[in-house]
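Here it is: the structure, laid out below.
The values are calculated or read from the model by the stated rules, or taken from the named source; none is laboratory data. Since the model is a prediction, treat every value here as computed from it, not as a measurement. We place every Cβ from the backbone using ideal geometry, glycine too, and count neighbours over all the protein chains shown. The accessibility values were calculated without ligands, DNA or RNA, using every heavy atom of the protein model including side chains. Shrake-Rupley method; radii C 1.70, N 1.55, O 1.52, S 1.80 Å.
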Amino acid sequence: MIETTANLTNHFLIAMPGMTDPLFARTVTYLCQHNEEGALGIIVNRPSELTLADIMEQMEIDVAAPTVGQIPVYYGGPVQPERGFVLHGPMPGQQWSSSLKVSDQISLTTSRDILEAIGQGEGPHDVLIALGYAGWGKGQLEREIVENAWLNAHADPSILFQRPAASRWKAAAELMGVNIALLTTPAGHG
């Protein structure tokens, strides 16, 4: 059997300018998992009004590192918005209770132990914390790509961890050599 779609794990999904769904308009989603059953990603350019201090207080986790509380918490997507996700860089020799290695440079962890380590200043240096995720069922993402809803590009950790959230959409498109501001939505199909 010939595989008809590429595995887009460790890719950015970049919403096309014509995306009308307010949940996804002008978003960049980091795909943590993509297989024949569907896809799971975290929106990485929509900071919420919460900070990590808010989450730590709610979870009763001590914060000893002074700047930790200022870390923004992102809207990761509409699925399970009460559940926390931590995208992070590697920490050689460190294991977390519930972690998925997405690439050599990025993992996704959902367990409390990583937040406890971050609170003590002992966690990974590069982190993006989100509530909720974006999910696609079998074949759904592939259809949306064919329908011109998304661009995709191999993920760049510097966009995830170093770029300001407001510039990530444009920066992700530039990975493909695309100036997203110049793209338009087709008026119709001929």
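For the chain, modelled as a GNM with alpha-carbon contacts under 10 angstrom, which of GLU60, GLU142, GLU122 fluctuates the most?
GLU60
Another question about this same structure. If you wrap a convex hull around the alpha carbons of segment 65-125, what volume per residue comes out, as a whole number of Å³?
Normalising the Cα hull of segment 65-125 by residue number yields 92 Å³.
Same structure again: Report the label-to-label distance for ALA64 and THR20 in nanometres (one decimal), using points 7 Å from each Cα along the Cα→Cβ vector.
5.4
In terms of modelled amide H atoms, which long-range or inter-chain residues lie less than 5 Å from the amide H of ASP126?
GLY89
In segment 33-190, what % of DSSP beta bridges are antiparallel (nearest 5)?
Expressed as a percentage, antiparallel bridges in segment 33-190 total about 85.
For segment 64-80, just list the computed ³J(HN,Hα) in residue order, Karplus coefficients 6.51, -1.76 and 1.60, θ = phi - 60°, integers in Hz, with x standing in for Gly and Pro.
9, 7, x, 7, 4, x, 7, 4, x, 10, 9, 7, x, x, x, 8, 6
Okay, moving on. Do you know the relative contact order of the chain, to the nearest whole percent, from alpha carbon pairs under 8 angstrom that are 6+ apart?
Relative contact order for the chain comes out at 27 percent.
Over the C-alpha atoms of the chain, what are the Rg and the largest Cα-to-Cα span, Dmax, in Å?
17.0, 61
Please list 3J(HN,Hα) in residue order for segment 41-55, calculated via the Karplus relation 6.51 cos²θ - 1.76 cosθ + 1.60 where θ = phi - 60°; whole Hz, with x for glycine and proline.
With coefficients 6.51, -1.76 and 1.60, one gets x, 10, 5, 10, 10, 10, x, 8, 7, 8, 10, 4, 4, 4, 5 Hz.
How much accessible area per residue does segment 47-89 have, in Å², with a 1.4 Å probe?
Value for segment 47-89: 57 Å² per residue.
Taking the chain as a Gaussian network, where each spring joins two C-alpha atoms under 10 Å apart, which residue of VAL79, VAL178, VAL146 fluctuates the most?
In the Gaussian network model the winner is VAL146.
What net charge do the residues around ALA172 carry, taking every other residue with its C-beta under 12 Å from that of ALA172, with Lys and Arg at +1 and Asp and Glu at -1?
In short, +2.
Okay, next question. Using only helices, what value at 222 nm comes out for the chain when you add -39,500 (n - 2.57) per DSSP H run of length 4 or more and divide by the total residues, to the nearest 500 deg cm²/dmol?
Value at 222 nm, helices only, nearest 500: -4500 deg cm²/dmol.
Please list the non-local residues whose amide H lies under 5 Å from the amide H of TYR74, H modeled 1.01 Å from N, same-chain partners needing a gap of 5 or more.
SER48, ILE129, ALA130, LEU131
Give me the percent of the accessible area of segment 72-190 that comes from carbon and sulfur atoms, probe 1.4 Å, all protein chains in place.
Working: 3240 of 6340 Å².
In segment 72-190, the share of accessible area belonging to carbon and sulfur is 51 percent.
Hey, another quick one. Per residue, how much accessible surface does segment 93-190 expose to a 1.4 Å probe? Answer in Å², no decimals.
55
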